[in-house]
Amino acid sequence: MVTWRELTAEAAAQLGRADVPDAELSARHIGQRATGADGADWLEMLDQHATQRHVAAFDAMVARRHAGEPLQYVIGRWGFRHLDLFIDRRVLIPRPETEIVAGHAIDEVRRLTAATASRVTVVDLGTGSGAIGLSIAMEHEASEVWLTDRSADAIAVARANIAGIGRAGSRVRVSEGDWFDALPPSLRGRVGVVVSNPPYVGDDDEIDSQIAWEPRSALFAPDSASGHAVPGTAHLEHLITHGPDWLLDEGAIVLEMAPKQIDVVAEQAAARFAAVEKIKDLTGRGRAIVARFPLRS
């Protein structure tokens, strides 16, 4: 007979010896996932004896983490703003910098709601797990949200997460397709906010071992055809080029990118939008742009 306190301590030590990052955090999250308990319920569980079935589930997850699989995939869920998202290896792991991007998109929805006194259509292109779009639907009742992705696997994960936001899910639609091609033509010129965390890693960029577990199609992007030296910006350039066709006159596009891409992408956006703002992440590095008021050709 072994208690959960003993199990998690042993797992943390095992993971620590293998140089797994955040070994104690991983052991605790795995214990909570195996028992279905968290918060105060987890604290009450610590000195209870684990059942054979629970130990088997716990050991299997510890083995996956020991092999280097990211904790988020091992436990199959992760928090993002006010959401508890289901995730697996079909989609990117939600990150704090993307929470900032979602926050700025929500600010743009609020701005448009105040200006138009009507509901705002929001499009989350390349949605993955649905993290950004579902956060907007949850946090702003005046939003109508479209989630799109070219990956059928990602769409399946996003659909599963819609169920987790309750009644707000009735204002969310899902469409499979490549960028703006996924949208019905009737939305052209009627979208208030386009938001995206597109693939932006260059083919020659180095990535760490944790990111290597994530889907390459959601990470890597071709270089721009415009000839500048910054890699991985082809999708960002596509969104900036075609975004104005889909936006209201007061609309905005919010895009996440790598810090080294921020200047060249902001310059491209300035040719197509009247106002461009650079957004910093929690480390103080440029992480996103907000481009407002599309210029009409």
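Quick notes
- Cα-based radius of gyration for the chain, normalised by 2.2 N^0.38 Å, reads 1.09.
- At an R0 of 22 angstrom, the distance between the Cβ atoms of Glu250 and His228 translates into a FRET efficiency of 0.15.
- Sorted by Cβ neighbour density within 10 Å, fewest at the top, the residues Met61, Met257: Met61, Met257
- Two-site FRET efficiency, Arg64 against Arg188, from Cβ-Cβ distance with R₀ of 45 Å, rounded to 0.05: 0.50
- Build a GNM of the chain with springs between Cα atoms under 10 Å apart, and of Leu248, Leu25, Leu147 the one that fluctuates most is Leu25.
- GNM result for the chain, Cα springs below 10 Å: residue of Thr51, Thr127, Thr113 fluctuating most strongly: Thr51
- With the cut-off at under 19 Å, measuring from each backbone N in the range 11-38 to a point 7 Å along the Cα-to-Cβ line of Val2 picks out 11-20, 23-37.
- Chain lengthening between Gln210 and Ala9 when straightened (0.36 nm per residue, less Cα-Cα): 70.0 nm
- Percent RCO, i.e. relative contact order, over the chain, from Cα pairs under 8 Å lying at least 6 residues apart: 13
- R0 of 45 Å, Cβ-Cβ distance Leu295-Asp19: FRET efficiency to nearest 0.05: 0.30
- Nearest-ten-degree value, helix 52-66 long axis tilted from longest Cα axis of the chain: 50
- Exposure proxy order (Cβ contacts within 10 Å, fewest to most) of Thr241, Thr233: Thr241, Thr233
- When the helices of the chain are scored as -39500 (n - 2.57) per DSSP H run of n ≥ 4 and the total is divided over every residue, the value at 222 nm lands at -12000 deg cm²/dmol.
- Added length on full extension, which subtracts the Cα-Cα distance from 0.36 nm per residue, Ser217 to Thr51: 55.7 nm
- Full extension of the chain between Leu43 and Asp84 yields a length gain of 12.7 nm, computed as 0.36 nm times the residue separation minus the alpha carbon distance.
FYI, it's all coordinate maths here, none of it is from the lab. Since we're looking at a predicted model, the values are computed, not measured. Neighbour counts run over all protein chains shown; Cβ positions are idealised from the backbone, glycine included.
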